[in-house]
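Any read-out appearing in this document is the output of simple, stated calculations on the displayed coordinates, not a laboratory observation. These numbers were taken from a predicted model, which means no experiment stands behind them. Cβ placement follows ideal geometry from the backbone for every residue including glycine, while neighbour counts extend to all protein chains displayed.
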Amino acid sequence: MTQPDYVPVSAADRVRPVRRLPAPEAWSPDRPGDLRRYSQPTGTLMGVPGPDQGYALALAERIVPDLVLVPGEHADDVVQGAVAIALRRAAMFGRAPVIHDIRHALSLFGFLSQPDEDLVELRRALFAGAAHDYVTRRRVEASPTDQALLSSPAEVDGSPGDWRHRLSPHLPPLHLPG
C-alpha cells in the first residue's frame, strides 16, 4: 500500500529496489550420492520401490490366522517373505499393496492350503530366517517369475500343482559377495 507524501518515513522503512537473482547454471550429477540415471538403482538384492509399502505389513497381519504352516516353519518368516513378494507384485502394477497381493504371494507357495511335500521342503528352506535376514528376504522376493506375479489369484488357486514353473530357476546367492 502506498503512503501519502506528507507522512514521514524513516530510511529503514523506505521501499528498496529489488535484487534479481541470476539464472542458475547448468547442473550435472557429479557428487558421490547423486543418481546418474534419473531413476532408482536396480539389481540383485536392491528390492523394488513402490508407494505406501509399509501398509503391506498391516495387511499381512490380518492373514496370519489363515496360514497353513508345517512344523519347522515360522509365521514371522512367512509374513516377511510374503510381504516382499507382494511389494514386488504391487510395484509391477504401479500401485500400493493391497490384501490380494499378500494372498497371491502366500498362494504361490501354498501357505493358504495344503501343499505337496516337495513344495513344503522348498518353501521351508527358502523362507527360513526371512524375518531376520535381508538377503533371505530378497531371495524370497526374487523366487517367483514375473509371469507368476502378473497372473491372477484365480489362476494360482486353480492350479496348485503347477508351482514349479512359477518359480525362477535363477535365484540370488544366499550371502553377499566379499
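Among the listed residues R88, R62, identify the single one that is of a type in the set (K, R) and either farther than 25 Å from H170 by Cα or without any contact (Cβ under 8 Å) to a residue 40 or more places away in the chain (or both).
Just a single option satisfies the conditions, and that option is R62.
Every residue in the range 41-82 that is among the charged types (D, E, K, R) and within 16 Å of the chain's Cα centre (by Cα), please.
D52
Do we find that G50 is touching a Leu at 6+ places or on another chain (Cβ under 8 Å) and touching a residue at least 60 places away in the same chain (Cβ under 8 Å) in this structure?
No: the conditions fail for G50.
Please specify each residue of the range 95-111 satisfying the condition of being part of a loop (DSSP other than H, G, I, E, B) and either free of Cβ contacts under 8 Å to residues at least 40 places away in the same chain or crowded, with 18+ Cβ neighbours inside 10 Å (or both).
P97, V98, F109, G110, F111, listed by residue number.
Only residues that are over 19 Å from L69 (Cα atoms), assigned to a helix (DSSP H, G or I) and not hydrophobic (A, V, I, L, M, F, W, C): list them for the range 113-135, please.
Y134
For V48, all conditions in the list (1) part of a loop (DSSP other than H, G, I, E, B); (2) of a type in the set (V, I, T); (3) out of contact with any Ser or Thr (no Cβ under 9 Å at 6 or more places or on another chain) hold save one; what is the number of the exception?
Single failed check for V48: (3).
Please state which one of E61, E117, E73 is within 20 Å of V156 (Cα to Cα) and among the acidic types (D, E).
E117 is the lone residue from the list that is within 20 Å of V156 (Cα to Cα) and among the acidic types (D, E).
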